[in-house]
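Can you read through this structure? Questions will come right after.
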Amino acid sequence: MAVAMALVWGFCLSTIGIALPGLINMTAAKISVRDGRSRALIFVAGALVIIFVQTYIAVAFAKLINSRPDLIYMLQEIGLVLFSLLTIYFMFIAKKPKVKAEDTKVRTKVGRFFLGMLLSALNFFPIPYFVFVSVTLANNGHIKFAPLSNFLFVMGVLIGSFSIFYLYIIFFKKIEHKTEWMMRNMNYFLGSVTGLVAVVNLIKILRN
């Protein structure tokens, strides 16, 4: 049961992590509108290849960190400082992102696949995100760092990521105005998330 829960945790955490409009899901949606759903799915397939690699790297780092209590405490301190600075940046310094259509001229299926890989590779957020959540889950006994459990967690992340991408592809026309509003206010969403993580780290440090 605990092993199977790794799949569920991976699915839930990945959907939470990419549910907000971002570069990859918005690009997939716009490719679907302009070039068709099949081209958008090829783009998503390329993105998922990189997400697979990033998640495995994150789990490997999390396993190493979890075996060293001193590293966990140091990670909490670094996370408190880093996420506090990010919160200040997103809330008060960062400029509002411009809502801009994806205008690349790449049209071939192979080109779409590699475009998905490229944009996903430029997004470094999944690695620290999944390192943090994996260590947190392991410390609370929700997952164990075993080969099968790790594999199911990564599969859950891929299924969850694909589900969100697909929802954007098929429902983009209906939610286009809302996603544009969310893109304009993305910094405030990100600032709220990093602020929450900073508070969680502060509570953990105070308890130690």
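The values are calculated or read from the model by the stated rules, or taken from the named source; none is laboratory data. This is a predicted model, so every value here is computed, not measured. No Cβ is skipped: glycine too gets one built from the backbone with ideal geometry, and neighbour counts run over all protein chains shown. Just so you know, the surface numbers come from the protein's heavy atoms only, side chains and all, with ligands and any DNA or RNA stripped out. Shrake-Rupley method; radii C 1.70, N 1.55, O 1.52, S 1.80 Å.
If you scan segment 66-77, which residues turn out to be in a helix (DSSP H, G or I), more than 20 Å from the chain's Cα centre (by Cα) and not polar (S, T, N, Q)? Step through it out loud before you land on a result.
Filtering segment 66-77 for residues in a helix (DSSP H, G or I) gives 66, 69-77.
Filter once more, keeping what is more than 20 Å from the chain's Cα centre (by Cα): 66, 69-74, 77.
Across segment 66-77, the qualifying residues are Pro69, Asp70, Leu71, Ile72, Tyr73, Met74, Glu77.
Those residues that are under 16 Å from Ile24 (Cβ atoms) and either out of contact with any Phe, Trp or Tyr (no Cβ under 8 Å at 6 or more places or on another chain) or open to solvent by 60 Å² or more (accessible area, probe 1.4 Å) (or both), I need them from segment 116-158; list them, please.
First, pick out the residues of segment 116-158 that are under 16 Å from Ile24 (Cβ atoms): 116-127, 129-130, 157-158.
Within segment 116-158, Met117, Leu118, Leu119, Ser120, Ala121, Leu122, Asn123, Phe124, Phe125, Pro126, Tyr129, Phe130 qualify.
Another question, if that's okay. Residue check, Ile143 against (1) in a helix (DSSP H, G or I); (2) at pLDDT below 90; (3) aliphatic (A, V, I, L, M); (4) under 24 Å from Lys63 (Cα atoms), all met but one. Which one?
(1)
Name the single residue, out of those in segment 1-32 being aliphatic (A, V, I, L, M) and touching a Phe, Trp or Tyr at 6+ places or on another chain (Cβ under 6 Å), that is surrounded by the fewest Cβ atoms within 10 Å (Cβ to Cβ). Explain how you work it out, then say what you get.
Taking segment 1-32 first, the residues aliphatic (A, V, I, L, M) are 1-8, 13, 16, 18-20, 23-24, 26, 28-29, 31.
So of that shortlist, the ones also touching a Phe, Trp or Tyr at 6+ places or on another chain (Cβ under 6 Å) come out as 6, 20, 28-29, 31.
Values: Ala6: 26, Leu20: 16, Ala28: 27, Ala29: 24, Ile31: 27.
It comes out as Leu20.
Looking only at segment 2-14, decide whether some residue is free of Cβ contacts under 8 Å to residues at least 12 places away in the same chain and either assigned to a helix (DSSP H, G or I) or of a type in the set (Ser, Thr, Tyr) (or both). Give the steps one after another, and end with the answer.
Here is the first cut: in segment 2-14, the residues free of Cβ contacts under 8 Å to residues at least 12 places away in the same chain are none.
No, there is no match, as no residue in segment 2-14 is free of Cβ contacts under 8 Å to residues at least 12 places away in the same chain and either assigned to a helix (DSSP H, G or I) or of a type in the set (Ser, Thr, Tyr) (or both).
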